[in-house]
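Written out below as structure tokens is the structure these notes cover.
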Amino acid sequence: MTLFKLRNKIVLAIFIPLLTMWLLFYIWINKRQENFILNYLKQQAEGIYNTVTLTRHWISKKGGIYVKSGNSGYKLITPSHFVAELTNFAKNIFPYTIKIAVLNAENPDHIPDKFELKALKKIWNEHLPNYWELKEKNSQKIFRFAAPLKFKKECTYCHFNYSEKSKGCISISFPATPVYRELTVSKIYMGIFSIISLFFLFIIMYLLLNRLVLNPLNEFTTASAAIESGDLNARVNIKTNDEWQILADRFNSMIEKIALHQKELENRINKATKELQKAYEELKQTEKFKSEFFSNVTHDLKTPITAIKGAADLLVRKENSPYGHIIMKNVEKLSRMINDILECTNLEHGKIELRKKQDDIVDLMEDIIFTVQPLAMDKGVSIELVNNLNNDFVSFDRGKLSRAIINIVTNAIKFSPEKGKVKISLNPQDNGLLISVEDYGPGIPEEEKEKVFDKFYRRAGNGMGLGLFIAKGIIEAHGGKIWISKPEHRGTIFNIFLPKG
């Protein structure tokens with residue numbers, strides 16, 4: 001399509017100047033021919049005029065000549081008689097008309113017509129050497145010519161009333177139609193020849209354009225399209241022994257270098273990929289070993305911790321020792337940490353088991369609030385539950401989901417200011433429900449909103465940084481999702497979506 005547009009542009013760029021030059025040449029040559037014809041007719045008329053004038057002067061110099069007139073003898077011919085006699089003699093032989101026109105003539109044969117009056121005025125007033133016009137009469141062209149009627153000294157013997165100034169003219173007229181007919185035929189032939197020449201010239205230039213420009217360009221376009229689609233084996237095949245071949249050779253050389261570089265790059269990428277895959281496998285193996293280590297360690301720790309817990313409990317009940325209370329408190333903390341690590345390991349390996357059943361989410365939220373109430377009371381934080389549900393039941397594992405939401409609510413209480421507030425909202429959603437936990441704490445920076453769910457990430461340096469990681473894993477195991485949004489006030493909103501299924 002691009003080459004088609006380019007071809008049209010080049011064709012127009014060639015055709016329009018050629019057509020313009022041809023039209024200008026045709027107009028110029030026609031004008032030249034018309035001027036040539038007019039000059040030819042004028043020269044023809046001037047030749048007749050000079051011949052007539054020379055003959056008149058010769059006859060005048062001889063005082064007239066005697067010519068035979070039938071059987072009656074001879075008669076005297078004067079210059080004026082000569083012109084009349086010559087015109088009558090030429091009527092049946094030559095298509096010329098010769099007349100002497102004089103202003104205020106007494107002889108009716110010398111009275112000027114409209115053209116001759118105009119010619120006499122031009123010659124008399126403007127001192128022109130001659131005057132001519134091309135007349136058209138009855139679809140025939142007539143060339144009319146007038147030049148001064150000149151008198152020699154010998155002429156005054158008969159024309160004693162005339163001075164040396166011209167008061168008359170010799171008027172010559174003859175048909176120009178045959179000449180102009182030939183000119184018209186010449187124009188037609190020249191026009192036909194020019195159009196045919198222009199057509200063949202255009203065809204030749206069009207074929208040369210295709211052969212020398214567009215075909216090589218099409219080769220480059222086809223090769224470029226193939227290379228763009230990923231075929232680096234495409235080449236431009238031009239053998240013209242000119243600049244196109246030089247360009248094609250350099251283009252092919254460039255593609256070969258690109259193909260070599262790509263192959264080298266692919267080899268490097270494959271090598272790097274294999275090394276990366278190997279490192280990844282090693283990392284996975286290390287992670288597996290680490291998880292197994294944590295799992296084994298925590299499992300092994302549970303037995304002594306249980307024993308310590310039992311002993312501390314016995315110590316507290318029998319002796320009510322304050323040391324027993326301290327041991328009991330720290331053992332419970334250590335037990336929670338071990339349970340978190342085990343839960344985290346199970347989530348990473350997809351070993352979490354959910355025992356889902358249809359249950360009342362509002363009842364669950366009330367139990368959660370009751371569970372975290374002592375922690376809230378220690379900070380003077382109030383907890384508000386806003387229920388917009390209408391007896392909505394969803395399917396969930398009560399223990400697992402309770403643990404996840406407790407982690408989130410506990411986190412909200414932890415970052416709330418003294419005597420602050422935590423607001424829990426329950427809202428219906430399409431195919432599920434939305435739980436929002438809103439606090440009025442310092443908020444979470446935008447760049448940390450995704451990091452807070454990472455394993456071992458701690459915002460304030462307390463705990464192991466597993467609470468939100470475990471919460472996210474449990475919620476996603478239920479087919480839900482968790483995200484953070486910013487409220488209009490200072491603080492944070494944790495949003496939990498749970499599907500109804």
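Every read-out reported here was derived from the displayed coordinates using simple, explicitly stated rules and does not represent laboratory data. These numbers come from a predicted model, not from an experiment. Counting neighbours? That spans all protein chains shown, and the Cβs are built from the backbone with ideal geometry, glycine included.
Listed values, structure above:
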{"read-out": "Amide hydrogen neighbours beyond the local backbone of Lys481, cut-off 5 Å, H modeled", "value": "Phe497"}
{"read-out": "Ranked by how many other beta carbons lie within 10 Å on average, peptides 405-418, 236-249 from highest", "value": "405-418, 236-249"}
{"read-out": "Exposure proxy ranking, count of Cβ atoms within 10 Å, fewest first, for Trp58, Trp22", "value": "Trp58, Trp22"}
{"read-out": "Net dipole in debye of region 207-253 [+1 Lys, Arg Cβ; -1 Asp, Glu Cβ; about Cα centre; nearest 20]", "value": "100 debye"}
{"read-out": "Mean-position separation - Cα centroids, region 402-428 and region 1-64, in angstrom", "value": "106 Å"}
{"read-out": "Cross-link pairs Lys421/Lys451; Lys42/Lys141; Lys114/Lys167 - those with Cα-Cα distance over 18 Å", "value": "Lys421/Lys451"}
